[in-house]
Amino acid sequence: MMIHSDFPKCIAWGSQLTTIYNDAFKPILGDKPEALGRSFREVWAEVWENIQPICDKAFQGESTFIEDFPLVIDRFGYPEQCYFTFCYSPILDEAGQVVGMLDTVIETTGKVEAERLADVRNSELAHRIRNSLAMVSAIAGQTLRNSDSLETAARSLSNRLQALAKTHSLLTSTTNPSATVSDIIWTALEPHVPDRERFEVSGPLVKLPERQALSMALAVNELATNAVKHGALSTDSGRVLISWALEQDVAEGRMFHFHWAEADGPPCRAPSRKSFGTVLLETVVPADFQGQARLDYGAECFQYTLISNLDRFDDVISARP
């Protein structure tokens, strides 16, 4: 019955626990030395301490069924965390004496890992939702407090939430919750100016984690909105130069520099009052990056600079020149 079964089965026979198995059991053995005829104890020496008590119960006449039992086995030349659902049951002779043990088993490593990954993703999703709601609440509150009219507030809030939504889509398009600076910039610019020829965008590959990616998207959205209303993008000839760089500072470590500069636009003037957009660029964004920001209203062009120390985000930011 065991030999002809398509379900993995193995017998440990007699006092020597002689191993007899069917073809379906072979994948569980992997590249172990040939197990047929060897002691079950020797075949599974690396986990014998874990399974011996269960095996002893079977030889005492007691069956044991266990689901997703964790074992670190060596079947391909290295320790491997695996999980098995199995039943050790006694084999009786014609006199009712226990003469062996039947191991009916299936490996569930893939299932267990999939369930754990699902738990991690659900936790990550809950974390993202909490962060997003907090950010949306802050943006909505500040936008309403700093707008001259409901119409202006609605338009500003819509633009800011669109920037968040598009960046969220970018972050969730892969299993890794991060996005490159280049992708964040173009995603945030898309609703404002479909013509890419008016932008010069350059910089190395730098991946930002979720919080900094969302903050960068909001900053670019705000800068683009201002450029369309009052700056270089309000004219046909205006251009925007966006760049970022990585620099190694002996004292500070890896420094990230982001720069937005407008050219060929109308004369630049500082705003008469500090709007939420200004607070966002000057205070909120640098706080998220644990860095510093500067807004320069020069006679010929507006410039925005953000500086941050990447070493503060070593565990979540990856970069290469």
Flagged in the stretch 309-321 as under 14 Å from Gln248 (Cβ atoms) and either hydrophobic (A, V, I, L, M, F, W, C) or modelled with pLDDT of 75 or more (or both), in numbering order, are Asn309, Leu310, Asp311, Ala319
Output the residues belonging to the stretch 266-280 that are among the hydrophobic types (A, V, I, L, M, F, W, C), at pLDDT 75 or above and open to solvent by less than 20 Å² (accessible area, probe 1.4 Å).
-> Leu280
Among residues belonging to the stretch 41-100 that are touching a residue at least 24 places away in the same chain (Cβ under 8 Å) and of a type in the set (S, T, N, Q), point out the one that is nearest to Lys26 (Cα to Cα).
-> Gln81
How many of the residues in the stretch 27-43 are touching a helix residue (DSSP H, G or I) at 6+ places or on another chain (Cβ under 7 Å) and either among the basic types (Lys, Arg) or open to solvent by 20 Å² or more (accessible area, probe 1.4 Å) (or both)?
-> 2
Just wondering, is there one or more residues in the stretch 290-308 that are in contact (Cβ under 8 Å) with a residue 40 or more places away in the chain, among the acidic types (Asp, Glu) and surrounded by 12 or more Cβ atoms within 10 Å (Cβ to Cβ)?
-> no
May I ask you to list the residues in the stretch 239-254 that are free of Cβ contacts under 8 Å to residues at least 24 places away in the same chain and assigned to a strand (DSSP E or B)?
-> Glu247, Gln248, Asp249
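Quick grid of which residues meet (1) touching a strand residue (DSSP E or B) at 6+ places or on another chain (Cβ under 8 Å); (2) open to solvent by less than 20 Å² (accessible area, probe 1.4 Å); (3) not in a strand (DSSP E or B):
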{"site": "Leu214", "(1), (2), (3)": "no, yes, yes"}
{"site": "Asn226", "(1), (2), (3)": "yes, no, yes"}
{"site": "Ser237", "(1), (2), (3)": "no, no, yes"}
{"site": "Ala261", "(1), (2), (3)": "yes, yes, no"}
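Residue by residue, here is whether (1) farther than 15 Å from Val206 by Cβ; (2) assigned to a loop (DSSP other than H, G, I, E, B) holds:
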residue	(1), (2)
Phe256	no, no
Lys274	yes, yes
Val284	yes, no
Gln290	yes, yes
Leu295	yes, no
Asp311	no, no
Which of the helices (runs of 4 or more DSSP H) contained wholly in the stretch 1-103 include at least 1 residues that are more than 24 Å from Glu115 (Cβ to Cβ), within 35 Å of the chain's Cα centre (by Cα) and of a type outside the set (Val, Ile, Thr)?
-> 26-29
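The values are calculated or read from the model by the stated rules, or taken from the named source; none is laboratory data. Remember, it's a predicted structure, so these values are computed and weren't measured experimentally. When we count neighbours, we look across all protein chains shown, and the Cβ atoms used for this are built from the backbone with ideal geometry, even at glycine. For accessibility, only protein heavy atoms count, side chains too; no ligands or nucleic acids. Shrake-Rupley method; radii C 1.70, N 1.55, O 1.52, S 1.80 Å.
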